[in-house]
């Protein structure tokens with residue numbers, strides 16, 4: 001059975017009822033892992049509280065932070081501060097410099113581009129080549145596709161069509177997520193797969209972008225964050241108490 | 001002799017802030033198909049509402065099997081019904097009504 005993942009729920013963390021509703025809805029629609037966007041300064045007990053809600057809904061919680069630095073220097077500073085604190089790091093690329101730095105940095109998991117401004121979508125062949133070497137994934141958020149209308153949606157669809165084609169050419173993994181802010185904006189994984197037909201993505205690739213690709217990111221990072229991890233391919237298997 | 005047209009039946013679950021009737025549901029689906037695929041695309045969908053249960057907010061629509069993904073995408077793009085936030089989830093797809101009902105009841 002496919003394990004579906006939604007790595008991008010923008011639930012208001014202060015409103016726990018709303019968070020619970022969104023998590024329950026995700027679980028009902030067939031997701032087994034959800035990524036909640038958390039503020040960088042979140043406390044451990046707040047995370048535990050969210051973890052508890054997810055356990056009740058039989059869903060696995062992934063902690064995620066969205067970084068939107070203005071310069072590449074600021075991005076490097078943020079990565080140093082937050083990489084070991086969150087399981088998934090997404091960078092919203094608002095300038096070309098930030099986009100290039102994020103694409104080549106192995107600490108960045110998801111490259112996210114603003115949906116409303118097509119001039120700020122910097123995912124071109126050069127960016128894709130850097131991303132394919134650094135294992136960064138292109139994140140496609142579906143909520144703007146539902147909310148935008150008319151010419152804005154036409155422009156977004158045409159950009160997405162181009163980006164998906166580039167990602168496939170350079171073998172950059174694509175991750176599809178909701179980006180939902182309330183439960184009315186969450187759709188089931190098969191509905192998202194049907195929506196990706198609008199930007200020429202095959203249903204097979206779409207289902208992979210909703211399951212295997214995000215699971216790879218989460219598992220890779222969980223392994224790195226585990227206390228037994230030493231370096232790629234090296235991990236502690238047994239500890240001996242030396243007195 | 002022409003071949004019989006192949007069809008698909010979709011089970012839908014409607015969630016809305018206000019009660020909706022049969023007319024509202026099919027109007028919302030048609031509007032979404034028209035918005036995304038235009039009149040040409042809508043004409044190929046052969047859409048029709050087979051049944052609607054307002055107590056369970058459960059509906060079954062029929063479409064041409066070639067237009068299934070487009071109809072599903074259109075249904076997923078519905079964000080409001082009668083101006084109020086709403087969502088329509090496709091909970092099952094089948095080639096026959098009998099199998100769909102069985103799946104939906106499970």
Hits in the range A:133-152: amide N under 19 Å from the 7 Å Cα→Cβ extension of residue A:119, namely A:151-152
A correct fewest-to-most ranking of A:151, A:170 by other Cβ atoms within 10 Å would be A:151, A:170
Descending packing, highest mean Cβ count within 10 Å first, for A:155-162, A:180-187 is A:180-187, A:155-162
Averaged over the residues of A:178-191, the number of partner chain Cβ atoms within 10 Å of each residue's own Cβ comes to 4
Under the 7 Å Cα-to-Cβ spin-label approximation, residue A:17 and residue A:148 lie apart by a distance in nanometres of 3.4 nm
Under the 7 Å Cα-to-Cβ spin-label approximation, residue A:28 and residue B:39 lie apart by a distance in nanometres of 3.9 nm
Expressed in angstrom and rounded, the centroid-to-centroid distance over alpha carbons for the range A:96-123 and the range A:1-33 is 25 Å
Taking every DSSP bridge whose two residues both lie in the protein assembly as shown, the antiparallel percent to the nearest 5 is 50 percent
One finds the C-alpha centres of the range B:1-69 and the range B:77-106 to be spaced, in Å, by 9 Å
For residue A:157 and residue A:237, extending 7 Å from Cα along the Cα-Cβ vector and measuring point to point gives, in nm, a value of 5.4 nm
Put in order of increasing Cβ neighbours within 10 Å, starting from the fewest, A:42, A:59, A:176 give A:42, A:59, A:176
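Quick note: the coordinates plus some simple rules give every number you see, no bench work behind them. These figures come from a predicted structure and were not determined experimentally. Neighbour counts are summed over all protein chains in view; Cβ atoms, including those assigned to glycine, are modelled from backbone coordinates with ideal geometry.
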